[in-house]
């Protein structure tokens, strides 16, 4: 059975168009935003982004074993209130939440 996950804009509850990711002071963040709010964030950040430089570091890529097995992720998801099926692919949203928590 397929599941549809409908995310809401983290600011105003409207249906988002995208998830934006950014880092400040070494901490990584992501936020779900509607088109309008994503535009507002980009416009607000533009003066700093235009004058910044990319750090050039490559992000560490975690192996599948380091990311957790589907069994591990399902157990974590259930313990943390996420609805997850016993079989099939673990939804990306749950996998990302697991990785952020670990």
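Rule-based calculations on the coordinates, nothing more; no lab input. Keep in mind it's a predicted model, so treat the numbers as computed, not measured. So basically every Cβ, Gly included, is an ideal-geometry build from the backbone, and we count neighbours across all protein chains shown.
Side notes on the structure shown:
- Cα centroid separation - the range 83-102 against the range 3-20, whole Å: 17 Å
- Cα long-axis angle, helix 70-79 against the chain (0 to 90 degrees, to the nearest 10): 80 degrees
- Among 11, 33, a tally of other beta-carbon atoms within 10 Å of each Cβ gives an order, fewest to most, of 11, 33.
- Between residue 48 and residue 23, the FRET efficiency estimated from the beta carbon spacing at R0 = 22 angstrom works out to 0.95.
- Share of alpha-carbon pairs per 10 Å distance bin for the range 1-57, given as whole %: 20, 42, 27, 9, 2
- By the count of neighbouring beta-carbon atoms within 10 Å, fewest first, 46, 36 end up ordered 46, 36.
- Each residue in 98, 29 was given a count of other beta-carbon atoms within 10 angstrom of its own, and listing them fewest first yields 29, 98.
- Expected-Rg normalisation [2.2 N^0.38 Å, Cα atoms] applied to the chain: 1.30
- Degrees separating the helix 35-51 axis from the principal Cα axis of the chain, which is the longest one: 60 degrees
- Rounded to the nearest 10 degrees, the inclination of helix 92-101 to the longest alpha-carbon principal axis of the chain is 80 degrees.
- With both labels modelled 7 Å from their Cα along Cα-to-Cβ, the residue 95 to residue 30 distance reads 1.1 nm.
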